[in-house]
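Beneath this line is the structure, given in structure tokens, with notes to follow.
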Amino acid sequence: MSRRVVISVVVANVVVIAVVGWLWLRRDDPRPTAFHSESTSAFYTAVDTRQNDSEPLTRQEVFTPAAQTLGTMRLDSTQEFSDCDEVLWGTSALGCTQALQGTYRGSAVAGQFVIFNLSDGRAADALVAALGKDGFVRQGLMFEAAGSRAQARAMGHYVTVSWVGGPVPAQELVAALVALDGLGRVVQGRIVAAT
């Protein structure tokens, strides 16, 4: 066997081992087991575009003192992103200028809430649709995705995503999801300010 053939075989084996190793070690991006989504509606007309609601959201506005504890979960951390795609996998948030993320931890349940600040209601609806089929939000706090529940809502030019998981009965997960989803009420304050 010539030296060239031996080198080719060695290189081919190294490439195969590298690809197999990458596939084996790569963690699949998790999705919730149960997912519900809602498009925007006429209720959010006052904030259908960022032109009518140009001030960026603040962490204090979304994660108020009353939101430090939600049900059995406590606020673990908050983060703000100017590149919304950092919070996503498998899709993109076109026209998004800001995403705020809060992670919550309890003894048996954990979850996160993300709000995206998009250009208008059409972009918000497009992101919600993509979350249902193309990709999802990245976990800011690791919790078991199997059995988890999530909800995404387009509200004018905003999208909220609430996601909870944990080894508890379904009704406890639903209660945690409802509590987390309540953080979306911040958009109602924006409606009042825009009218």
* To do: With the checklist (1) modelled with pLDDT under 95; (2) over 26 Å from ALA175 (Cβ atoms); (3) surrounded by 15 or more Cβ atoms within 10 Å (Cβ to Cβ) in hand, flag the one item LEU94 doesn't pass.
  => (3)
* When you scan the stretch 98-155 for strands (runs of 3 or more DSSP E) that lie fully inside it, which ones turn up with 2 or more residues that are more than 15 Å from HIS36 (Cα to Cα) and either open to solvent by 30 Å² or more (accessible area, probe 1.4 Å) or of a type outside the set (A, V, I, L, M) (or both)? -> 98-105, 110-117
* Filter result for the condition that a residue is more than 19 Å from the chain's Cα centre (by Cα), of a type in the set (Asp, Glu) and either assigned to a loop (DSSP other than H, G, I, E, B) or at pLDDT 95 or above (or both), over GLU86, GLU61, GLU80, GLU55 -> GLU55
* Asked: aromatic (Phe, Trp, Tyr) and without any contact (Cβ under 8 Å) to a residue 60 or more places away in the chain, is that true of PHE113?
  -> no
* Asked: Just for the stretch 159-170: of the residues that are surrounded by fewer than 24 Cβ atoms within 10 Å (Cβ to Cβ) and touching a residue at least 60 places away in the same chain (Cβ under 8 Å), which one is nearest to THR58 (Cα to Cα)?
  -> GLY166
* Structure fact -> Listed by first then second residue, the pairs whose first member lies in the stretch 43-60 and is closer than 16 Å to LEU100 by Cα, whose partner is surrounded by fewer than 15 Cβ atoms within 10 Å (Cβ to Cβ), with beta carbons under 7 Å and at least 6 positions apart or on separate chains, are ARG59/GLU80
* Structure fact -> Residue hits (the stretch 167-184; small (Gly, Ala, Ser) and at pLDDT below 95) are ALA170
* Asked: Can you name the residue in the stretch 25-39 that is of a type in the set (Asp, Glu) and modelled with pLDDT under 95 and, of all such residues, is surrounded by the fewest Cβ atoms within 10 Å (Cβ to Cβ)?
  -> ASP28
* **Subset of the stretch 40-64 [within 30 Å of ARG74 (Cβ to Cβ), open to solvent by 40 Å² or more (accessible area, probe 1.4 Å) and touching an Asp or Glu at 6+ places or on another chain (Cβ under 8 Å)]** => ARG59
* Select from the stretch 171-184 the residues that are within 17 Å of the chain's Cα centre (by Cα) and open to solvent by 60 Å² or more (accessible area, probe 1.4 Å) and list them in ascending order. => VAL178
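The values are calculated or read from the model by the stated rules, or taken from the named source; none is laboratory data. Given the structure is predicted, the values throughout are model-derived calculations rather than measurements. Cβ sites come from the backbone with ideal geometry, for glycine too, and all protein chains shown count toward neighbours. Surface accessibility is based on the protein's heavy atoms, side chains included, excluding ligands, DNA and RNA. Shrake-Rupley method; radii C 1.70, N 1.55, O 1.52, S 1.80 Å.
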